[in-house]
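First up is the structure itself, then whatever we jot down about it.
Just so it is clear, none of the values below were taken in a lab; they were calculated from the coordinates. Because the structure is a prediction, the values reported are computed rather than measured. Cβ sites come from the backbone with ideal geometry, for glycine too, and all protein chains shown count toward neighbours.
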């Protein structure tokens, strides 16, 4: 059960609500976000919700039978819209594109990408400055200095930045230079990182775990939300399977199910989702038909020379064509939704 | 390496080709289908293909580096078209729909379905008369009598029939009454059944195994082709995964990859691919964007009363809407392919 | 619910039992095996079992809450013992070893193996004469002539034979020359083959499917049993997983669970279970500690020259040592079971 | 390639070695641990290792073809022994047992456990004070105060403590009160945590990821080692699979393979590995036969009342019996190793 409090709820009203919950043996978890005050109650006892719902100070009350609560569409029917400022929004019924290299490598590369994005009217650039790598001896990214360099160029061009944060300690330094903080697949159950990201007012893109379940992804989002940050996007990026013909198994089912279960925007990552350049476009288009609000994909002027993930990265010619097709596909899907 | 012989190849020419192969230590497997005479050579020695290719009696010769040979697009660049007669073709650049119940249940059900298909201008009806069931105590289908009843009604309505064959012994009886024989996921490596289906002149729809790889699916098709039957379609129907939020994990990647690796038509089965009625449409549309030549899906007048698979079966209203959207989506994808 | 009938049950008594079942809306499936007459009732209605259990002609009656029935330990508490004759039994509390090559290749190979088995006092030899192969161009085994040659030599040496049957048509020919018919992983849901094997009086070793569940394995056994053949062994041989460090993932959990759920003997196949010669011994010993009644493993005089599966096949020195260790391990486990 | 430096290597010698590496285009990663000074070189160029190996200041040099280096048995042939003090060692050829509850709950529970361990002569107690939980609303452990309480009691009883660390910030606080820090399955690729744990002189038990590969586990260990901490144990705890009959699929293959690939001790976690109390013993014994150096398992006076994981936790009677059997099994395996 979720209780949303009125904005001007008084201390006395809060106490009365707590007493009422206590009298039916429920313990409430207080949640305060950018947008609201909530009490989340997890319990098993059956009771008449109206007895509580009419108490002064309560704006809304709802039973939520899902194991996750605040991120459930059973709680919030209207889709969450993420506003990045300057007219860039995600989840508002339009289609969002985030494109860029796996790793930020140098100034020239950033310039090339920004030009490419501007030519295609793409407003959000992806890129890694902290790279999780299986081997400790691999390139781990340019770090905060790379991010600052990138930020300066992107701001000048009116481009927003999405980049991965790997540890709690990095958050504060990164905050001024990132528009969206991404949680990578390997950190999707790093609960302390999730807690910390719940305490900042910055949009978060949360990737599904390498073999995470859909429920685990929603629980991870609940961690962020219940710590105070409602600005969350979910990202399907392929799961681990027995099949060796591709890097990951893009779970198209998850897109359809997530769009039904949660009010949060759902973003597809076809680059990691199949891991082979020649097929990224098809998966991107498919994900749109399954309901994705946007796509994050890897692009590079010369993918063969990229520091990482080159085999799944589009060159600019491919990227431009895919962008054009994605927009056309999204428009058709939108139109058909009202059939 | 594949050698295709000329239609009027003489015995002497055949012998000369065999001798030439023998002289370079290659053993050829002779394959004769409805459409051609081939010699398939699996070997490792490097040699100059031109030395053989210029021998009399040879129409075409090609190295095929894939482990499967005749089904590879490296051998045959033009897509295979399956002709069911009466103007019904699959894989010719148009979009194919096969719809119907999981199991054929009774005359009335067949009548209802046929009317539904005719209203939607769908030319192929699916349905099972032999049902593979996990438990020996479950309903196993109406058998050959059900097929005959169904055939009579379908023929009268100009509808083609696709139905599953489970064992070699059933083939002969079923042949006159089926337009496409389907090999189910559990039989995808039943090599004796594949061998036998290679010896009839009837289109085969081959489903990917419950946890089959893409290569195994292509190998299974190679079994049928190399026994003499070129009329093969491949079907992605979801694979087994750790995720419990759905029945199977529809492998959208497989659609994109199969379309690239083979000249055979690729059909998507979104009903089994996700197993939940509410999401079948999204997966169907997604599969089209990934390149599917057609969709096979479960429909029933009252899915809740279906003998089997009701939870993933569309009712007629849903089915009609999905059909309309699929056609529109296919048209867009076709148009974008020439961008 | 399972009803076992008395041996001398009369037609009238059968009819009375059927009527009683009918009156509570239960439909009984009649099962007659080498060892008994049963009625299997699958239904949901709650009723007092004693009302039926006291009818004349009934030897035993039991509710079985498992989805599989006759193979459940809830039905039959005592373990099934398979008697191959000449003092060779499986599942009687002793340890069974089946060893031999993947494929029967030639007379000399069979002679070598038989000598090796006799030296180690192993009574059952494994070997394939019909080989399921992914590619239609691979070696498919010596066939029935190979089996006859092998049989002659094995009988002379007092060795029993286990070999794979791939299709219904092969059963009759193979019956006189095999002591155990094996159903391979790819055929574990080939229900028609299972039905047919239920109609012969010959022990069956049933392998778990490539990615079969434990329940599916028990259901497959139920197919054989309910067709009339109680002589069934189950075999864990590794399942498909995402891990690429080995061929299959030996499911040690399945051994422990199967021993608890069913009265049928459980055999481990460590050769396929890990697929790497250097580790076959460890997996064999582990499976014994998890409760396996026996082990089936691949051995060859010169594994490097084996027609198939050489990389997972033990040479005779390794095989002898592993056999010795397995017996010692089994003895310890047996002793500890009474602690 | 790994170079181990002599303890008294001079700055000049270091510089000469660096120059020599540079001259063949190799970049060395300097690693300094509790036990040694190393240079790790990852590169592809072929060269004569002897040209470098004879330079002054080098104690040992070795090519390591594995992708992981310092944890490979190709580098260090002798097994690593972890010394916890007071005569408690792991990996020295003896058998280690770590037992205790999932979560530390209260003083009485700790007292009960300590008595149970002492009665069974077990020297290491497991227990969680920081619990990773899927839902943010679940019990997250007693925290550092619980650890201090537990430490006091354990020290008095001569018992060592293993407990999970979830974030970098916790390390410093926990260090005085833990004898082994455990990295949980969800953090197995939390590279920043691994880096930080490499910088303390405290034994680490590293669990395999929920669906981690064997190579990823070894890489994770390489992170810790290359940051300076050689005291690492690896733990197999079951992987995610499609099978629903148990919680995780204990990967017995991994035990055998890890023992062959690395010099680090390998610990089995049968409690999470199958997740069902009735089968924990069989999996524990099996893991010993596959080569495990020790077992970590969950025990509780009244498992049904445990705060978490009760369904897979042994009661004291079961725990005592399993401990006795594990020791007997380990002794047999040790004896057979010299056959």
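Reducing the range C:61-75 and the range B:1-27 to their Cα centroids gives an inter-centroid distance of 61 Å. A Förster radius of 22 Å combined with the Cβ-Cβ distance from residue B:278 to residue B:115 puts the calculated FRET efficiency at roughly 0.35.
Can you give me the P(r) profile for the range D:28-104? Cα pairs, bins 5 angstrom wide beginning at 0, each as a whole percent. Over the range D:28-104, the share of Cα pairs per 5 Å bin runs 3, 10, 17, 20, 15, 10, 9, 8, 5, 2, 2, 0 percent. Shape analysis of the range A:82-337 places it in the rounded category; the axes a ≥ b ≥ c from the Cα gyration tensor give an a/c below 1.5.
Roughly how many Å is it from the Cα centre of the range B:160-231 to that of the range A:88-162, as a whole number? Between the Cα centre of the range B:160-231 and that of the range A:88-162, the gap is 49 Å.
With a 10 Å cut-off around each Cβ of A:133-142, the average count of Cβ atoms from other chains is 6. Here residue A:337 yields copy-to-copy label distances, from shortest upward, of 2.8, 6.2, 6.2 nm, the label point defined as 7 Å from Cα along Cα to C-beta.
Note on C:3-12: average number of Cβ atoms from other chains within 10 Å of each residue's Cβ is 0. Our helix-only sum for the protein assembly as shown, with -39,500 (n - 2.57) per DSSP H run of n ≥ 4 divided by its residues, gives a mean residue ellipticity at 222 nm of -11000 deg cm²/dmol.
In terms of its alpha-carbon gyration tensor, the range B:2-62 comes out prolate; a/c meets the 1.5 threshold, and the first ratio a/b outweighs b/c. Would you please classify the overall shape of the range B:153-249 from the alpha carbon gyration tensor, given that a ≥ b ≥ c denote the square roots of the eigenvalues, rounded means a/c under 1.5, and beyond that prolate means a/b larger than b/c while oblate covers the rest? Oblate, because a/c is 1.5 or more while a/b does not exceed b/c. Highest mobility in the GNM of chain A, judged by mean-square fluctuation with C-alpha springs under 10 Å and restricted to A:262, A:213, A:54, is found for A:54. Here the contact order of the range C:82-337, divided by its residue count and restricted to Cα pairs under 8 Å and six or more residues apart, works out to 18 percent. Ranking of B:207, B:118 by neighbouring Cβ atoms within 10 Å, starting from the fewest: B:118, B:207. Sorted from closest to farthest, the other copies place their residue D:51 label points 4.1, 8.6, 9.3 nm away, with each point set 7 Å from Cα along Cα→Cβ. The mean number of partner chain beta-carbon atoms within 10 angstrom of a residue's beta-carbon across peptide C:104-116 is 0. Structure remark: mean-square fluctuation, Gaussian network model of chain A, C-alpha springs under 10 Å; the largest value among A:274, A:49, A:124 belongs to A:49. With neighbour counts taken as other beta-carbon atoms within 10 Å, the residues A:307, D:191 rank, fewest first, as A:307, D:191. Nearest 10 degrees is fine. How inclined is helix C:143-157 to the longest principal axis of chain C, computing both from alpha carbons? Around 90 degrees separate the two axes.
Rounded to the nearest 0.05, the FRET efficiency derived from the C-beta distance between residue D:34 and residue D:315 at R0 = 41 Å is 0.55. What the Kirkwood sum gives for the protein assembly as shown is a hydrodynamic radius of 34.1 Å, with every pair of different alpha carbons counted. Cβ-to-Cβ counts within 10 Å put C:188, C:138, D:25 in ascending order as D:25, C:138, C:188, the fewest first.
Note on residue C:107 and residue D:139: their simple-model spin labels are 7.3 nm apart, each label 7 Å out from Cα toward Cβ. Label points for residue D:156 are taken 7 Å from Cα along Cα→Cβ. From this copy to the others they lie 6.8, 7.8, 9.1 nm apart, shortest first.
When only Cα pairs below 8 angstrom with a gap of at least 6 residues are kept, the range D:2-62 shows a relative contact order of 52 percent. Remark on the range D:199-251: hydrodynamic radius 12.0 angstrom, per the Kirkwood mean of 1/r across alpha carbon pairs. Which of these, A:193, A:117, A:21, has the largest mean-square fluctuation under a Gaussian network model of chain A (Cα springs below 10 Å)? Highest fluctuation of the listed residues: A:21.
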